[in-house]
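Engineer: This structure is in structure tokens; I'll ask about it shortly.
The values are calculated or read from the model by the stated rules, or taken from the named source; none is laboratory data. Small disclaimer: the values here were computed from a predicted structure and weren't measured. All Cβ positions, glycine included, derive from the backbone under ideal geometry; neighbour counts span all protein chains shown.
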Amino acid sequence: MSPLRKGKPVPIRASSKRTRMLEALIGTGFPFRKGDNFQRYLKMFEDIMVQCAGVRRPGAASLDLCYVAAGYYDAFFETGLAPWDIAAGSLIITEAGGLVGNYTGESDFLHQREILAATPRIYGQMVSILEGYSRVIKTDEDDTEQAAEGVTPESALAAAAAAPAPKKEKKGPVRIKKEEAGDAPF
């Protein structure tokens with residue numbers, strides 16, 4: 001279903017002509033709750049800001065996502081959002097030909113509390129900047145800091161049980177397909 005204006009379909013396309021981050025206009029939100037890591041966000045914001053043409057913050061993730069879909073923004077990123085903040089907007093983005101994922105580029109963004117939405121030409125460049133800030137990535141440092149001295153059979157078994165599971169294969173961004181009129185479950 002396309003959006004309508006005066007009863008006629010209005011095409012929307014996340015199709016900015018900009019292909020480089022230095023030309024891109026980026027939308028974002030910022031942390032405002034007590035306990036949010038504001039310093040971490042400022043570093044992430046700085047990394048984006050020095051690599052793009054400009055950053056905007058209207059204050060509503062739904063509006064920001066629609067701006068990407070309409071081609072007004074080239075990308076949008078934010079942390080701390082709930083699924084109801086981004087579900088509809090992410091569908092609008094994919095319908096418009098844009099890509100949506102988490103900061104590592106994986107498609108399981110809805111419950112990760114981090115979202116990246118962008119035009120296909122800018123998406124990968126944004127992932128390369130934001131992936132270091134993802135809360136989804138587990139560092140290997142925690143697993144490799146075990147000392148080899150004083151290893152007993154019990155501690156070896158405990159260490160084996162606590163070993164990390166094999167890493168999941170990364171999934172790319174997913175374009176959500178429209179269901180056919182007769183395929184709807186309701």
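Engineer: For residues in segment 4-55 being assigned to a strand (DSSP E or B) and at pLDDT below 85, which is nearest to residue 85 (Cα to Cα)?
Structural biologist: In this case the residue turns out to be 4.
Engineer: Something else about it: Going by the structure shown, is residue 55 free of Cβ contacts under 8 Å to residues at least 60 places away in the same chain, among the β-branched types (Val, Ile, Thr) and surrounded by 13 or more Cβ atoms within 10 Å (Cβ to Cβ)?
Structural biologist: So residue 55 fits the description; yes.
Engineer: Now for a different question. Within segment 34-57, is there a residue that is within 16 Å of residue 123 (Cβ to Cβ), of a type in the set (Gly, Ala, Ser) and touching a helix residue (DSSP H, G or I) at 6+ places or on another chain (Cβ under 8 Å)?
Structural biologist: Within segment 34-57 (the criterion being within 16 Å of residue 123 (Cβ to Cβ), of a type in the set (Gly, Ala, Ser) and touching a helix residue (DSSP H, G or I) at 6+ places or on another chain (Cβ under 8 Å)), the answer is no, since none of the residues qualifies.
Engineer: What's the number of the condition residue 113 fails, among (1) surrounded by 18 or more Cβ atoms within 10 Å (Cβ to Cβ); (2) under 9 Å from the mean Cα position of the chain (by Cα)?
Structural biologist: Exception for residue 113: condition (1).
Engineer: Moving on. Starting from segment 102-115, keep only residues that are over 15 Å from residue 91 (Cα atoms), then list their pairs with residues that are in a strand (DSSP E or B) and not aromatic (Phe, Trp, Tyr) whose Cβ atoms are within a distance under 8 Å, requiring at least 6 positions of separation or different chains.
Structural biologist: From residues that are over 15 Å from residue 91 (Cα atoms), the pairs are 103/114; 103/116; 105/116; 113/79; 114/78; 114/79.
Engineer: Could you check, for segment 80-92, whether at least one of its residues is of a type outside the set (A, V, I, L, M, F, W, C), closer than 21 Å to residue 134 by Cα, modelled with pLDDT of 90 or more and part of a loop (DSSP other than H, G, I, E, B)?
Structural biologist: Within segment 80-92, none of the residues are of a type outside the set (A, V, I, L, M, F, W, C), closer than 21 Å to residue 134 by Cα, modelled with pLDDT of 90 or more and part of a loop (DSSP other than H, G, I, E, B).
Engineer: Moving on. Going by the structure shown, is residue 105 small (Gly, Ala, Ser), touching an Asp or Glu at 6+ places or on another chain (Cβ under 9 Å) and either assigned to a loop (DSSP other than H, G, I, E, B) or loosely packed, with under 14 Cβ neighbours inside 10 Å (or both)?
Structural biologist: yes
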